[in-house]
Amino acid sequence: GGEMPTLNVVSNTPADKARDSDFLLAASGEVARLLGKPEAYVMVSLDAGRPMAFGGSEAPCAFAQLISIGKLGLEENKTISAGLAACVEAHLGVPSDRFYVHFVDVARADFGFKGGTFA
């Protein structure tokens, strides 16, 4: 089990810079690697160029939400956070101290696919 990891990222990194960095494909591979799930199930979205402030500054920052059926937890999230932070810094120019990630472990019945759910 454990399909459908979805990573949604919002950043004030300019959209053209984000596109040129190949962030989407890099992040897709990283999510698959970090979660040990097939990349065929991974979805990544990026909302770049969004006006954002963090810590009273409009310097580069980002927020991510990683949704997964399983594979998340106290120790796993630390490793995943480090991997995602490195990817966001390398591709979007956002340092790890200006990046939040929210982990969401969802029940199989709470995620739809192909007109049904994963339950």
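The values are calculated or read from the model by the stated rules, or taken from the named source; none is laboratory data. None of these values were measured; they are calculated from a predicted model. Glycine also receives a Cβ, built like all others from the backbone with ideal geometry; neighbour counts cover every protein chain displayed. Side chains are part of the model used for accessible areas, which takes the heavy atoms of the whole protein and leaves out ligands, DNA and RNA. Shrake-Rupley method; radii C 1.70, N 1.55, O 1.52, S 1.80 Å.
Some points to look at:
- Residue among ALA64, ALA27, ALA18 that is buried (at least 16 other Cβ atoms within 10 Å of the Cβ), touching a His at 6+ places or on another chain (Cβ under 9 Å), of a type in the set (Gly, Ala, Ser) and not in a helix (DSSP H, G or I): ALA64
- Subset of segment 79-101 that is more than 20 Å from THR6 (Cβ to Cβ) and part of a helix (DSSP H, G or I) - its residue that is most open to solvent (accessible area, probe 1.4 Å): ASP97
- Neighbours by Cβ (under 6 Å, 6+ apart or cross-chain): first from segment 88-115, within 16 Å of ASN8 (Cβ to Cβ); second open to solvent by 50 Å² or more (accessible area, probe 1.4 Å): VAL94/PRO60; TYR100/PHE63; HIS102/GLN65
- Of the residues making up segment 1-15, those that are assigned to a loop (DSSP other than H, G, I, E, B) and buried (at least 16 other Cβ atoms within 10 Å of the Cβ) are GLY2, GLU3, MET4, PRO5, ASN12, THR13.
- Count of residues meeting criterion [outside any helix (DSSP H, G or I) and either under 17 Å from LEU7 (Cβ atoms) or open to solvent by 60 Å² or more (accessible area, probe 1.4 Å) (or both)] in segment 35-59: 16
- Of all residues in segment 76-101, exactly one satisfies the criterion of being under 27 Å from GLY112 (Cα atoms) and charged (D, E, K, R), namely GLU76.
- Tabulated pairs, segment 43-69, first free of Cβ contacts under 8 Å to residues at least 40 places away in the same chain and among the β-branched types (Val, Ile, Thr), second part of a strand (DSSP E or B) and open to solvent by less than 50 Å² (accessible area, probe 1.4 Å), C-beta under 6 angstrom, 6+ apart or interchain: VAL44/LEU7
- Condition check for GLU30: among the charged types (D, E, K, R) and within 12 Å of the chain's Cα centre (by Cα): yes
- Test result for GLY29, on the phi > 0 side of the Ramachandran plot and either in contact with a Lys or Arg (Cβ under 9 Å, 6 or more places away or on another chain) or not basic (Lys, Arg) (or both): no
- Extreme residue, nearest to the chain's Cα centre (by Cα), among residues of segment 67-78 that are surrounded by 13 or more Cβ atoms within 10 Å (Cβ to Cβ) and not in a loop (DSSP other than H, G, I, E, B): ILE67
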